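Below you'll find the structure, written out as structure tokens, and then a few comments.
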Amino acid sequence: MFCTHLHIDHTGWNTVLRDGRWVPTFPNAKYVFHKKEYAAWEAEHARGANPPGTVFPNNCLPIVEAGQALLVDDDYALDDTITLTPTPGHSPCHCCVNIFSRGQRAVVAGDLMHHAIQCREPDWSAKPDWDAKQSAVSRRKFFAEVADTDTLILPVHFPAPTVGLIKADGSAFDYRFKRDD
Ligand SMILES: [Zn+2]
């Protein structure tokens, strides 16, 4: 299990409340968290910051306590099919997850962007972003890397059909939803 970052809508299913305790939902799984993302929220929690509210103690810490967390660095690779692309900004160490298969690449983009308009306007950062400027830097860098390639983008908050391609258009980019037709 990969968590692109440790916000509630990307970690809520990590744990379930059982007999009054938050425990891993999947007892046999390893959960992959970026080491510095985890450390940042641990520090925020320690100083009583809210947000992230209960996300750290309820949905992240129990995974580590159960020995099921894999705390990894930027260069982590599960094998030659799953790797990370660091895209910090939305959260301290947000990562996109690359999936390579049969010569194709797809990218689970997490919350690198929330709306396709952010391809036209990469500098428009979402309100909850941890570091709005860094978020924009990560978007531009990522878009430039995948623009005009056949890399499939999976931005989790986009409406159906969700998956699409990035096209360059001058200094901006376009998001082209991929439809079955
Ligand atoms: Zn988020």
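Restricting the calculation to alpha carbons of the range 38-181 gives Rg and Dmax of 16.4, 52 angstrom. As a fraction of the 1.4 Å probe accessible area of the chain, surface on carbon and sulfur atoms comes out at 55 percent. If the reach is capped at under 28 angstrom between alpha carbons, list the lysines near Lys127, excluding any in the same chain fewer than eight residues apart. List returned: Lys35, Lys36, Lys141, Lys167, Lys178. Placing +1 on each Lys and Arg Cβ and -1 on each Asp and Glu Cβ, with no other charges, gives the range 8-72 a dipole about its Cα centre of roughly 120 debye. The amide H of Cys96, built 1.01 Å from its N in the peptide plane, has Thr85, Thr87 as neighbours under 5 Å, considering only residues 5 or more places off or on other chains. For the chain, DSSP calls about 70 percent of its internal beta bridges antiparallel. Post the alpha-carbon centroid distance, the range 92-107 to the range 1-27, in whole angstrom. About 22 Å separates the Cα centre of the range 92-107 from the one of the range 1-27.
Residue by residue, the range 143-150 carries 3J(HN,Hα) couplings of 4, 4, 6, 9, 4, 6, 10, 9 Hz when phi is fed to the Karplus relation 6.51 cos²θ - 1.76 cosθ + 1.60 (θ = phi - 60°); x denotes Gly or Pro.
The values are calculated or read from the model by the stated rules, or taken from the named source; none is laboratory data. All figures in this text were calculated on a predicted structure; none of them were measured in a lab. Glycine also receives a Cβ, built like all others from the backbone with ideal geometry; neighbour counts cover every protein chain displayed. Keep in mind that these areas ignore ligands, DNA and RNA; they rest on the heavy atoms of the full protein, side chains included. Shrake-Rupley method; radii C 1.70, N 1.55, O 1.52, S 1.80 Å.
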